[in-house]
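**Student:** Got a structure here, written out as structure tokens. Questions coming.
Quick note: the coordinates plus some simple rules give every number you see, no bench work behind them. All values derive from a computational prediction rather than experimental measurement. Cβ atoms come from the backbone with ideal geometry, glycine included; neighbour counts cover every protein chain shown.
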Amino acid sequence: MLIKMKNLFNHWKLKDQNVMIKICSDVLIADLEIKPVSNDFCFIFIEGRNREINYLQDFATFRSTKIYSEYNYPIFCFVKNIKKFLNNRTDLIKKWNINIIQIDKLKNLDEYSNFCIKELYFILNKKYENIVTIQSDGFFIKNGWEKFILDNNFDYIGSHWQHITGISILENKPKKLQNKLDNFFTQVGNGAFSYRKASKMRKISKTFSKYNLIERNAPNNKKPPEDLFFSLGFMEGICKLPTLKNCCEWSKDPITLDMYEKKASFGFHHPVEFNQYCCNLH
């Protein structure tokens, strides 16, 4: 199993692989209790590539939502090829409360972001308000996250970005909006492992998706990734802005082995051997 894991993560540096292998191994061998079903939260997993479900990579992600949650919340998997993705593991669909939804292939980050901005929160049944996005390199590592979310009444929270960034309008620039954007800089927050209120995401989408937006100082008029786009909700007061401390409590991006072993956050996105900036914040 260890050899298979190393092959799975061989696009990462060896020492970074070891951190991810440790996290996945712990999740895969942990006891899994039977818990009552609840729709108070749900999880979103998007796989726009044409691939099969992977026992080591995806199961750790899905399993973490069951181990570290109070209830058995539904998982919504948006995938390109349902039959191929399931790979004969239909036994898990009911057991883990997984719902599979077919989407068009997402060829790159722009198409992924466009799907999240213009479709995702409008496809999802409106009874699901409290959303946690998960990825195969971003999921839970400890319990208690529901209380953290509800006690703080977040609208959107992800780990902090290590750089301050912003958004500009490429053309047809309303002066008032451009002035706001010129003065808007943010470090919140990474969308790979994040909590969001669906109604807030729909409102942000309706407000800003009509503009031709670009990421500030990015080459080739690069469009903002979906998480940066949704951070505009902080600028407009649609979303409550979490503190950097809140963001670090929610998730580490990236996470080191020391942070993981100390359970310094509820989840993570991407493992690394060492990251001084994150260490100074946790």
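**Student:** Under a point-charge model restricted to the Cβ atoms of Lys and Arg (+1) and Asp and Glu (-1), what is the dipole moment magnitude of the stretch 39-281 relative to its Cα centre, in debye to the nearest 20?
**Tutor:** So the magnitude is around 720 debye.
**Student:** Also, I was wondering about something else. Working from Cα positions, state the angle (0 to 90°, nearest 10) between the long axis of helix 198-208 and the longest principal axis of the chain.
**Tutor:** Around 30 degrees separate the two axes.
**Student:** GluC sites (Glu not before Pro) within the stretch 162-227: which are DSSP loop residues with at most 12 other Cβ atoms inside 10 Å?
**Tutor:** Passing both the DSSP loop test and the Cβ count: Glu171.
**Student:** May I pose another question? In nm, to one decimal, how far is the Glu171 label point from the Lys127 one, both placed 7 Å along Cα→Cβ?
**Tutor:** So the two model labels end up 4.4 nm from each other.
**Student:** Relative to the compact globular guide of 2.2 N^0.38 Å, what is the alpha carbon radius of gyration of the stretch 39-281, as a ratio?
**Tutor:** It is 1.00.
**Student:** Let me ask something additional. Please identify, among Asn143, Asn217, Asn72, the residue showing maximal mean-square fluctuation in a Gaussian network model of the chain using a 10 angstrom Cα cutoff.
**Tutor:** Comparing Asn143, Asn217, Asn72 in the GNM, the peak value goes to Asn217.
**Student:** So, one more: Run down the aspartates and glutamates and flag those whose C-alpha is under 16 Å from the C-alpha of Lys66, throwing out any fewer than 8 positions away in its chain.
**Tutor:** Partners within reach: Asp26, Asp31, Glu33, Asp40, Asp58, Asp91, Glu146.
**Student:** Additional query: What ranking do Ser38, Ser265, Ser136 get, fewest neighbouring Cβ atoms within 10 angstrom at the top?
**Tutor:** Ranking Ser38, Ser265, Ser136 by Cβ neighbours within 10 Å, fewest first, gives Ser38, Ser136, Ser265.
**Student:** Determine the alpha carbon to alpha carbon distance for each of Lys197/Lys245; Lys35/Lys142; Lys142/Lys203; Lys105/Lys175 and list only those over 26 Å.
**Tutor:** In this structure, Lys142/Lys203; Lys105/Lys175 lie more than 26 Å apart at Cα.
**Student:** To the nearest 0.05, what FRET efficiency results for Asn81 and Ile164 with a Förster distance of 30 Å applied to their C-beta separation?
**Tutor:** Calculated transfer efficiency: 0.20.
**Student:** Among the lysines, select those whose C-alpha is under 18 Å from the C-alpha of Lys222, and discard any that sit fewer than 8 residues away in the same chain.
**Tutor:** Lys107, Lys118, Lys173, Lys210
**Student:** Rounded, prolate or oblate, given the Cα gyration tensor of the stretch 122-244, with a/c below 1.5 counting as rounded?
**Tutor:** Taking the square roots of the gyration eigenvalues as a ≥ b ≥ c, the stretch 122-244 is prolate.
**Student:** In the chain, what percentage of the DSSP-assigned beta bridges are antiparallel, given to the nearest 5?
**Tutor:** 45
**Student:** With a ≥ b ≥ c the root eigenvalues of the C-alpha gyration tensor of the stretch 65-128, is it rounded (a/c under 1.5), prolate (a/b larger than b/c) or oblate?
**Tutor:** oblate
**Student:** Could you list Phe185, Phe85 in order of exposure, starting from the residue whose Cβ has the fewest other Cβ atoms within 10 Å?
**Tutor:** Lowest to highest Cβ neighbour count: Phe185, Phe85.
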